[in-house]
Amino acid sequence: MSRLSIFSFNTLQPWKTFPFGLLTCLLILIGVEVVVARSDWIVDRFSVSSLGIMPALEDEVIRKASPEIICFGNSRLRDGLSPRILEQQLGMPKGSVLNLALTAGKPYDSLVMYRRNREIFRHAKIMIIDFEYHYFGRAPEFTFRVGRHATFEDRVRLFEGREQLMPALIGGIWHTFGIRDYLRALMMESSEADTLVIADDGRIVWRDAETDEQINIKSNIKQHASKYETDQLDSGHAQELQRLIAMAQQDGIVILLLHVPVRGEFARYLKETYPKKYEQLHRKFTKYDFDVDLILDPERGDDVGILDQSYFDYGHMTDDGSKQLSEWIAPHLKRLLEKQSEKKP
Amino acid sequence: MLFNTWEFAVFMPCVLACYYILAPRPQNVLLLLSSYFFYSCWDWRFTGLLLLSTIVDYTVARFMPRASPAKRRFLLLISICTNLGILGFFKYFNFLLDSTVQLLEQLGLGANLFFLEIILPVGISFYTFQTMAYTIDVFRGRIEPEKNIVVFGIYVAYFPQLVAGPIERAQHLLPQIRARRTVSSDQIASGLVLIVIGLLRKVVIADNAATYVDLVFSDPTEVGWQGLAKGVLYFSLQIYGDFAGYSNIARGCSRLLGIELMQNFDIPYFATSITIFWRKWHISLSSWLRDYLYIPLGGNRGSAIFAYRNLMLTMLLGGLWHGAGWNFIIWGGIHGVALGVHKWWLGDRKPANARMTDFRSLAGALIGWAVTMAVVGFAWVFFRAPSFSIALDIVKRICTFADGSLWIPTTPLIGMLTLLLAIDIPQSISGNQVVWLRWPWYVRGIVYALAILLLVLWGSGEDVPFIYFQF
């Protein structure tokens, strides 16, 4: 019996029944891929979105500056360090300090941002990288930014041996699939375009005063503390952080790891409620022994004179809190700059 | 391994690639091995049960034709006892024990009986019913026993329909497994369309509806009457999307292998009476219950009271088939009562026309449809609620317009209903499940692209198991 005898060649006559329907379908899918998923117009249109913020920052801030100090991190560092105050304290011209911390930013996002703008960043002297203890308790997630920016190698590295590997790899080839959550969110929530706003003190304006007023501190603390309970210890983010550090050090940049201090009330609640996990995460962090020039790890705001009133919630600072933290960190930066001036004048 | 997972997306093309290049005999060996592999991906230990069921029924059936009537009955008893024994132990043992304890406690006789940690083997109700049907048919002389154990093994364990049906009949499936199969381009096209429709039903409708269903049924006291009513509607969509979706994917995959499975759903939510609903909902189970339970019990023969009793018994056992719990029995009971009332209302009249509607006017059909859906929806509350008391509480809260703090959105419900109608209306009008293939190429192209984009953008993104796997 011949092989492929299973096919009935009486009906399987491709030359007679050319699949025009399938071809049309394919053309539509390619159209969506090119016009929506792979082009920047939709991302640019929503520049304050999780995905749009990165290219918006590149256009509006990074390409217009020649930074000496760059800050990467998440929303707590975004709100916590004021570039203008740091420039004043360090006697630098405007635009020398860039705060590029992103909402829900993870070490991988910082790595991508550094990689994309390395030509500009390689001239910087100091890089401040925010670290959070719960980074070390979480595996990298398949976020919008991973879906959009991750290379094939990144995808394998981030998700090897995990369930997300297959969607991540397919998403790398077929971007419509890779950023599906983002496209859905855009369709559901955003009908009007928005623009990036930078405050006078150089921080990204993200917070909404109306929402901030409604925050119930007790439940906010409880909700964020619960991450210490649910997160499993994982080294994924630490590895990305190591990569970023190595890349910056190759460019002769001094690294400062900064744990943006949390609200005193939050730190006390964590220690009481999840003492074991809290200790574990601290230990996990020290175990990595990051080869950096300085680690600043003020646990609580009140350790550095930032009182609970200078926080919106469990760990995001008000203008006042940001001013105090910037002033507190400035002398440390001064020392690092002095050390660096010999190597990178 | 679920149909809606990446594992299956790799498994199925691998099986097809090997299947298409093999000659008929090795094809069957491949089908059997891949079916056992498919099942063992869930829990390899229970492949033993599958094997036991296969060997017992194969052997019993082989001895039947030459045996005396008494021996034949004995052989049938062995088959039924084995299959029902497996089913009874794994599915109903703890339920029976729990019910006994409760009964003894009500009688004032406290009892401490032991309970076992029993894992329910996936699809057990489906394959035991399928093999029992085979032995009964051989016993009745309707079919010849299968000589080839590989062919029979596939009949029991055929992976596209192993874990959630359709419950195939030997007359339909065995000849196809025995024969040399061909796959035409039409079969490939319609198989793929069925898979896409099934995935739309499962991933876009059922899995998204599950989010709201879980929210409503986990703590109904937090939800107001409107939210609860929406929760029932969400569940109606979820269970239909889930089960009909599974059946579509199963038929589609099987068609790619050149084997036709029976249609399990025929647009049931368009039914204008409860009797018609049961001709369109889980057709393979309802026809099984009719042929192997209702008719042997006496069916419509004898007095009206006996017919009603038979109907009720069939539906109660049908409910129990779904799960070991009183809520499933009550669900069956509600349908039994509704079918009885409809039978009484219908009297000697037959359905008005070939399209199975009891009504000659549109208004009548609409009223019939509304009443049917109300009964079906009411029964779903008992089917889904974690316990009988919670089900009663939900019904009470809806009837008394109770308030609640948890808000259940309407927009996703409208979206899901729109998609459901967009799939079902063309199928209903044409009477063809793959009507898409009849449309002009440019319409087909747009529909395929829309379906794929819907799956990508609105698929739940999680591997939610099919509801009927637990049965």
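Quick rundown of the values:
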{"item": "Complete set of residues in the stretch A:260-288 that are modelled with pLDDT under 80 and among the basic types (Lys, Arg)", "result": "A:Lys277, A:Arg283, A:Lys284, A:Lys287"}
{"item": "The stretch A:101-126, subset touching a Leu at 6+ places or on another chain (Cβ under 7 Å) and farther than 16 Å from A:Ala150 by Cβ, residue surrounded by the fewest Cβ atoms within 10 Å (Cβ to Cβ)", "result": "A:Lys125"}
{"item": "Enumeration of residues in the stretch A:124-146 that are among the acidic types (Asp, Glu) and either closer than 22 Å to A:Asp40 by Cβ or assigned to a loop (DSSP other than H, G, I, E, B) (or both)", "result": "A:Glu132, A:Glu141"}
{"item": "Helices (runs of 4 or more DSSP H) contained entirely in the stretch B:1-67, each with at least 1 residues that are touching a helix residue (DSSP H, G or I) at 6+ places or on another chain (Cβ under 9 Å), at pLDDT below 90 and more than 30 Å from B:Ile452 (Cα to Cα)", "result": "B:24-43, B:47-63"}
{"item": "Filter pass, B:Ser190 being surrounded by fewer than 22 Cβ atoms within 10 Å (Cβ to Cβ), at pLDDT 90 or above and assigned by TED's automatic domain parsing to the domain that holds B:Ser286", "result": "yes"}
{"item": "Number of the exception - B:Glu260 against (1) surrounded by 24 or more Cβ atoms within 10 Å (Cβ to Cβ); (2) more than 26 Å from B:Ser387 (Cβ to Cβ)", "result": "(1)"}
{"item": "Residue among A:Glu210, A:Glu163 that alone is within 14 Å of chain B (Cβ to nearest Cβ) and modelled with pLDDT under 85", "result": "A:Glu163"}
{"item": "Elements of type helices (runs of 4 or more DSSP H) contained in the stretch A:15-123, each with 1 or more residues being more than 14 Å from chain B (Cβ to nearest Cβ)", "result": "A:41-45, A:53-60, A:75-80, A:83-90, A:107-116, A:118-121"}
{"item": "Any pair with Cβ under 6 angstrom, 6 or more apart, that starts in the stretch B:437-449 at a residue that is at the interface with chain A (Cβ under 7 Å from one of its Cβ atoms) and surrounded by 15 or more Cβ atoms within 10 Å (Cβ to Cβ) and ends at one that is part of a helix (DSSP H, G or I) and at pLDDT 90 or above", "result": "B:Gly445/A:Thr24; B:Gly445/A:Cys25; B:Tyr448/A:Cys25; B:Ala449/A:Cys25; B:Ala449/A:Ile28; B:Ala449/A:Leu29"}
{"item": "Qualifying residue in the stretch B:31-51 (condition: within 14 Å of chain A (Cβ to nearest Cβ) and buried (at least 16 other Cβ atoms within 10 Å of the Cβ))", "result": "yes"}
{"item": "Inter-residue pairs, beta-carbon under 7 Å, first among the charged types (D, E, K, R) and in the stretch B:214-237, second surrounded by 17 or more Cβ atoms within 10 Å (Cβ to Cβ), 6+ apart", "result": "B:Glu222/B:Gly404; B:Lys230/B:Ile408; B:Lys230/B:Leu413"}
{"item": "Counted residues, the stretch A:134-146 - those being within 22 Å of A:Val262 (Cβ to Cβ), within 15 Å of the chain's Cα centre (by Cα) and buried (at least 21 other Cβ atoms within 10 Å of the Cβ)", "result": "2"}
{"item": "Condition met for B:Arg169 (over 21 Å from the mean Cα position of the chain (by Cα), charged (D, E, K, R) and not assigned by TED's automatic domain parsing to the domain that holds B:Leu453)", "result": "no"}
{"item": "Residues of the stretch A:147-165 classified as crowded, with 16+ Cβ neighbours inside 10 Å and assigned to a helix (DSSP H, G or I), total", "result": "9"}
{"item": "Subset of the stretch B:179-194 that is among the β-branched types (Val, Ile, Thr) and in contact with a Leu (Cβ under 8 Å, 6 or more places away or on another chain) - its residue that is nearest to the other protein chains (Cβ to nearest Cβ)", "result": "B:Val183"}
{"item": "Failed condition for B:Phe401, given (1) of a type outside the set (D, E, K, R); (2) within 14 Å of another protein chain (Cβ to nearest Cβ); (3) surrounded by fewer than 18 Cβ atoms within 10 Å (Cβ to Cβ)", "result": "(2)"}
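The values are calculated or read from the model by the stated rules, or taken from the named source; none is laboratory data. If you're wondering where the values come from, they're calculated on a predicted model, not measured in any experiment. Every residue, glycine as well, gets a Cβ built from its backbone with ideal geometry; the counts of neighbours run over all protein chains shown.
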